[in-house]
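The next block holds one structure in the form of structure tokens; read it before the comments.
The values are calculated or read from the model by the stated rules, or taken from the named source; none is laboratory data. Keep in mind that this is a model prediction, so the values were computed, not measured. Methodologically, a virtual Cβ is constructed for each residue, glycine included, from the backbone with ideal geometry; neighbour enumeration extends over all protein chains shown. The protein model used for the area step is the full one, side chains on, heavy atoms only, and it has no ligands, DNA or RNA in it. Shrake-Rupley method; radii C 1.70, N 1.55, O 1.52, S 1.80 Å.
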Amino acid sequence: MIKIDKLRKRYGKMEALKGLSLEIDKGTVFGFVGPNGAGKSTSMSILATLLEPTSGKAYVGGYEVTSHPRQVRKLIGYMPDFFGVYDNLTAEEYLDFYGANYDIPVQERRQIIPQLLELVNLSHKRDAYVDSLSRGMKQRLGLARCLVHNPEVLILDEPASGLDPRARIELREILKELRDMGKTIIISSHILPELAEMCDVIGVIEEGNLIAFGKVEEIYARMQEKRVLRIRLVDRMEDALTHLKQQPLVSNVTREGNWAVVGFSGDDQQQVELLRSLALAGLPVAAFNEAEGNLEEIFLEITKGVGS
Amino acid sequence: MNVLRRFRNPVLMNELKLRMRTKRSPWIITLYLLVLGTVALTFVFLMTGAGSYYNPNETRELFMMLSLMQLAMICFVVPGLTAGVISGERERQTLSILLTTNVSATKLVLGKWLASLSFMSFLVFATIPLYAIIFLYGGVSPAQLLQVFAFYVVTMLGLGSIGVLLSTLIKRTGIATVLSYALVFGYGVGTSVLAEVIREFIRFQRNANNITGPFPVWPDFFHSLNPLFAMMSIFEEGPFRGLRRMAGSKYAALALDPYAIYCLFFAVVTIICLALSIYLIKPVKPRWRRKAATGE
């Protein structure tokens, strides 16, 4: 359904996308994960026909986005990370306006809009002015707006950002319903566990490169293979970092004050060997432990610094 | 029906609805009518010598004054109304959503442009009862009244399109508005200053080289582009001696009416500004040699 082929986007000297390639099948819920500025929004804007890539191609439903934007727009519903609303319209009028923008006849709009408001649990706010809605409600209304022309693909850029826990749960439930309806959904977030629950496939992007791509279970398995070690040294930090970089099972060596933070892909016995090698090298190790934290933190530790 | 559907513009309909829902709109209408009404009635009051009688010969002056004043109001209000139409959408973060819908860039720009001008037209046509004062006394032909209103429409469309272009080019509404005003007033003053500079230059050249014969009409052309003088030409006033003399000569075919020159020029400006706005607002620019889609 969606194909991105060696996509590059350059803003002056800064390269936001560095040859991104991926494919998403029809009916898949794809989670785009990565820190801020990784290139998620840029990729999504290109898919939404709002941005022209510097090079490379992107296809939605077989249509290339820059040469066939009109056809692509009929296939997609796009929700940007930040979006405004027309304050002087009611929720119903808001959806009606966008329905008219998609050339949906009036009679059809009258049927669709109550259904959409029902789907996003806003039926009781039908006649309320949009500016009187809470952020969570506006976000849900935005989602209903994306669905007004019944698109096959939904592109949702950080839909859960800025929402309280309750609103997040509500949004998640709606997205599950949409998944059951067979929509292809691309959803971005920097909160991995949230995405993991509802996505079939996850892609991790960092500094314009796709550094991991696969089914949620595969990514989980890969993450469990890899652990993050935090090593505190009293002195000789530079020597310790050099020593660690030379170890075969160690990757992504970074420094956080007196701590060396590394990715480690060995087992428990190999971890003991690593500690021993540090001691034999005469490095003053004061603490040596596995990073504790939730899935998201471990994930971000693992991906930190990749692509730089 | 299908033809009508093609011309249906949801952006325009939505804009009209939104504009009339703001609390500001009734205040603007009230203030606008109050200013024009006060001026017109004060003029009549002064002409009647504070209660004696009114000289119908002075109706023409009242008509001219009212028309010029309305023109000044248009020049004052239109840049403010139009300079925020696109940048406002951008600031409100609604533009990107609109651009991903089926609404074409043309419909979007035209909808915004017409919606803002429809409000201005509403203001202008709301003043028609004021003109009734003139017809009470006579002295002005209905054709002149029609010409004046057609002039307003042409001016509004032209100035509005400049405002829309600046609003598309400049991201901030504030800057776009200031620039629109600067451009409109710069244009108003600039055309006539340029006309006079050219006139003086030609006069100097003619004197230096002892050239006789009819004076060139170039300065008149530049004066014709000025809204104030172009409107005065409706009343047979303004610095257009060259063009009038030409009308009676063998070059009569070339002696365009200043009013026609003005309308023609503004039509061209309107088309260029709107076409540029439509091109610039497109996030993905059209290329003529795009290959057919290949992909999955």
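Quick notes
- Segment B:187-224, subset in contact (Cβ under 8 Å) with a residue 24 or more places away in the chain and not in a helix (DSSP H, G or I), residue most open to solvent (accessible area, probe 1.4 Å): B:P214
Every residue, every condition in (1) over 27 Å from B:K107 (Cα atoms); (2) touching a Ser or Thr at 6+ places or on another chain (Cβ under 9 Å); (3) open to solvent by 10 Å² or more (accessible area, probe 1.4 Å); (4) among the aromatic types (F, W, Y), yes or no:
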position	(1), (2), (3), (4)
A:Y86	no, yes, no, yes
A:Y94	no, no, no, yes
A:E108	no, no, yes, no
A:P114	yes, yes, yes, no
A:M137	yes, no, yes, no
A:E177	yes, no, yes, no
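- The set of residues in segment A:51-90 that are at the interface with another protein chain (Cβ under 7 Å from one of its Cβ atoms), polar (S, T, N, Q) and closer than 24 Å to A:I113 by Cβ contains only A:N88.
- Just one of the listed residues (A:R168, A:R232) is assigned to a strand (DSSP E or B) and open to solvent by 50 Å² or more (accessible area, probe 1.4 Å), and it is A:R232.
- Criterion applied to B:L4, B:L31, B:L16 was being open to solvent by 40 Å² or more (accessible area, probe 1.4 Å), modelled with pLDDT under 85 and among the aliphatic types (A, V, I, L, M), and the one residue passing it is B:L4.
- Among helices (runs of 4 or more DSSP H) entirely within segment B:56-142, having at least 3 residues that are open to solvent by 20 Å² or more (accessible area, probe 1.4 Å) and more than 14 Å from every other protein chain (Cβ to nearest Cβ) singles out B:59-82, B:105-125, B:128-137.
- Residue, nearest to the other protein chains (Cβ to nearest Cβ), within segment A:1-22, restricted to residues that are outside any strand (DSSP E or B) and surrounded by fewer than 18 Cβ atoms within 10 Å (Cβ to Cβ): A:G12
- Only one entry in B:A230, B:A275 is at pLDDT 65 or above, hydrophobic (A, V, I, L, M, F, W, C) and either under 18 Å from B:L71 (Cα atoms) or part of a loop (DSSP other than H, G, I, E, B) (or both), namely B:A230.
- A Cβ distance below 6 Å, combined with a sequence gap of six or more or placement on separate chains, defines the contacts here; from segment A:20-31, residues that are without any contact (Cβ under 8 Å) to a residue 24 or more places away in the chain reach residues that are open to solvent by 10 Å² or more (accessible area, probe 1.4 Å) in the pairs A:E23/A:K3.
- Unique residue being crowded, with 21+ Cβ neighbours inside 10 Å, modelled with pLDDT of 90 or more and either under 15 Å from the mean Cα position of the chain (by Cα) or of a type outside the set (S, T, N, Q) (or both) when the list is A:V60, A:V33: A:V60
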